[in-house]
Each structure stands twice: as structure tokens, then as C-alpha cells.
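A short write-up of the structure that comes next.
The values are calculated or read from the model by the stated rules, or taken from the named source; none is laboratory data. Computed from a predicted model, the values in this text were never measured in an experiment. Cβ placement follows ideal geometry from the backbone for every residue including glycine, while neighbour counts extend to all protein chains displayed. For accessibility, only protein heavy atoms count, side chains too; no ligands or nucleic acids. Shrake-Rupley method; radii C 1.70, N 1.55, O 1.52, S 1.80 Å.
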Amino acid sequence: MERVNDKAVVFLPWNTIEDEAQRQILNTATMPFVFRHVAVMPDCHYGRGATVGTVLPTKGAVIPAAVGVDIGCGMIAVRTPLTRSSIRDPAAIRAGIERRIPMSAGKNNSTLTATAAARVETLVQLATHSRATPDQYDRKWKLALGTLGGGNHFIELAEDLEGAVWVTLHSGSRGVGNRIGSHYIKVAQDLCSKRGVTLPDRDLAYLPEDHPAFAAYIRDLNWAQQFALHNRNEMMDRVLTEVSHAVYGENGHQQDLEVQRINSHHNFTQQERHFGEDVWVTRKGAIKATRDTWAMIPGSMGTRSYIVVGKEHPESFHSAPHGAGRRYSRTKARSLFSMADLSQAMQGIEYRHSKVLLDEIPAAYKDIDQVMEHARDLVDVKYVLRQFVNVKGD
């Protein structure tokens, strides 16, 4: 841990952070409602307003762009009793997963499965009870439940060091979460502009707790976080259905396949108690890391991932990194690397050979093992995973 100043703490060497990200950290730390300090995770990199990998405790206000537009994005992981030899045809499983789960940005279900319909009804009831208005942002949100998205969202089968197979999945609140986040970023910017607030960065516009927009944002944010949670559960159930067919030749063995399930956000805001005070904790590309919290910190495709339990480091506000973090932008990665580089990096892994995935090449991301070394005071590692099937959308 390194204290940059009295308002910023970083869990990696300050001189290893790119200049643009350093400026963002210092800008975020100047916001007058920051409680104690901003905590920066080992996977931090340049983002919108605040760096990805920022833990931002606040009193009296929240910054919508510090949560971002993929509200509730996170990881789900299931440990199974299977071993690698149980998966006889990885290519067939990948193809089956791609048939069961719509992938890529904007891709929805054509109809709802029974399990998705039940989860949609739960979300409808939550909206009614909380007065959230998801239809205002995306009238097709119901058909998005159980869809992966694009970019760095993925589904993988992996093996831990003890030989057990895990199913892991990374996704969030899809189009409806994006529109909710974008709406309130604009609301905050307009509000700060009307009040004549001087900001170091327009994307650090905030909603004060005494303004009606604050309560509206928290209401819709909480709903989107629940959508993301249900979305991951729905997709995981579909993957386990595919694995049931592949391993047992029939449906119905999903419960037999599930030894442990972990489901955690890494883009979210919630109230917590730290240093004896109630504060809003925004984690942008960071996980909650308490001693009773299991979570997954994924590497990039082709590298390792980690199942962890938190250590409750007080200066991190009980937080930890959410993944490898990008080293190069997508555009830069495409200029630096070739499809031959991707094939070399993905040797031994079943994946879709597509130019669309070139900007997801492992070398475009930070070294996950180095990130975990810097995170040693934040988490205990329980399992180390190495994937052998990777599924991504466009």
C-alpha cells in the first residue's frame, strides 16, 4: 500500500500507473464529499471520470460515472464434482453454450425460458415495490435476461489445481443497466452545471443526497444490480444444462453438478459502515472483500483466474481488484497484435477463432499474477483456475 496524499491510497506502486490514470485518481480524490480517501486497486487503469479499479467512499453524494454504465457487472462461478476428463468434447460444449445463450451487444432472447420468466417476474415485483421504472429506459429488458453481451464478457470452463472443473461467467445488467447509468450521468452533469459547480472532470458530476435525483438513482441502481445478479444466475443455469447433456447424456443433473456457487458484483454502490461511520461505497472495477465473502478475480482469456475470500483490509474499505485490468485500449491492441499472436496465446484452449476477439488477447491486459501479488494484503486465494473452454460474443 502506498499513500499518495492524505486523500488517495494505492495498492500498487504509484509510478506504475499511467499518467492519465494518475490524473483521474488525483481529480477524484479532490471531491469534497470523499470520506477519508480514495482506495485504488492493483488492476487500475484509465476509465470514465474515475479509474477502473477505484473504491470511492462518500458521504452526502454519489458520482454515477464512478459506478459506470455496466451497473452490477460481476462474476458468477460454480465448482463442480467433475474432472477435466469428464469433458470429452470441449468444442461441442462451446457450441451448445452459444446456442443456449445469446451473445454480443444488443442480442436478446426471442422468447423467455420458464426460469427466465420466473426471474423476470421477480424483477417486475421489485420494480413495483421500489417504484423503479426499467421500462422507461429499455422496453425490451425482459428479453435481455439470460444474455451475455460482448467485449470482455465471457463464459468459461476451467480446472483448478486440485483437478476440479469450474464453470465461470462474467456479465452485468446489459442494455437496461447501460441506459440507467447513462441517464443519471447526464442528470448529474446537468445538475452540477445549473448549480455552477466547478469540476476537475465533467464525468465527476455528482448527485447530492438532498436532491430527489439521488434517491431516484439509488432506486434504479439497486434494481439494475438485481437484474445483473439474476442475469448471471439464469445464464449459469443454462450452461449447467448444457454440461448435464454433455456429461450425462440427458437433462436433470444440474444439482449434481453444483458443489458451490459464487455470485458477486464489481461495479456497484451500497451503504456500508467503515471507521465507525455509515458511508456510500462505490466500487468501480472492484469487489467487496470481507472474510465471509467469496468472489472471483478473473484473468484475461488464456491466463489464470482466482477464487478468493477477503481479508477486510480497512484502508481498502474491505475491497479487492476485480480482474487483470486493461493494459492497452482495444484500438491499440488491434494495432499491436495479430491473429497468430492470439492463436499462440490460446494454445490448448477451445475458443472461437475470430478477428472480433483480437482486442481481448491476453497481452492486452495486465499480468493477473502481478495484480494478485499486489493484492496479497486484500484477499486469501482459495483456488487457482486455468480455463480450457472460452466463450465470448462480439
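Quick look at the values:
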| quantity | calculated |
| --- | --- |
| Helix axis angle, 114-130 relative to the chain longest principal axis, alpha carbon, degrees | 10 degrees |
| Whole-Å distance, taken between Cα centres, linking the range 290-320 and the range 111-151 | 28 Å |
| Sequence-separation-based contact order of the range 25-112, relative, with Cα cut under 8 Å and 6+ spacing, percent | 18 percent |
| Point-to-point label distance, R330-R376, nm (Cα→Cβ direction, 7 Å offset) | 3.6 nm |
| Candidate values (i) 29; (ii) 45; (iii) 21, label of the one derived for percent of Cα pairs over 36 Å apart | (iii) |
| Computed label-point distance, nm, for sites R352 and T198 using a 7 Å Cα→Cβ extension | 4.9 nm |
| Gain upon complete extension [L161, Q270; 0.36 nm per residue less C-alpha separation] | 35.8 nm |
| DSSP beta bridges in the range 1-98 [antiparallel fraction, %, rounded to 5] | 70 percent |
| Interchain or long-range residues, amide H under 5 Å from G150's placed H | S104, A105 |
| Cα long-axis angle, helix 174-194 against the chain (0 to 90 degrees, to the nearest 10) | 10 degrees |
| Label-point separation in nm, E18 to Q255, each point 7 Å along Cα→Cβ | 4.9 nm |
| Whole-angstrom gap from the range 1-79 to the range 204-283, using each part's C-alpha centre | 20 Å |
| Relative contact order (%) - the chain, alpha-carbon pairs under 8 angstrom, separation at least six | 24 percent |
| Heavy-atom SASA rank of Y328, Y383 (probe 1.4 Å, accessible area, largest first) | Y328, Y383 |
| 0 to 90° range, to nearest 10: angle between helix 19-29 axis and the chain longest Cα axis | 60 degrees |
| Calculated FRET value between E209 and S338, using beta carbons and R₀ = 35 Å, to 0.05 | 0.10 |
| Given K142/K355; K311/K366; K59/K140; K107/K186; K59/K332; K59/K284, the pairs whose alpha carbons are separated by over 27 Å | K142/K355; K59/K140; K59/K332 |
| Accessible-area value, D135, 1.4 Å probe, nucleic acids and ligands omitted, Å² | 70 Å² |
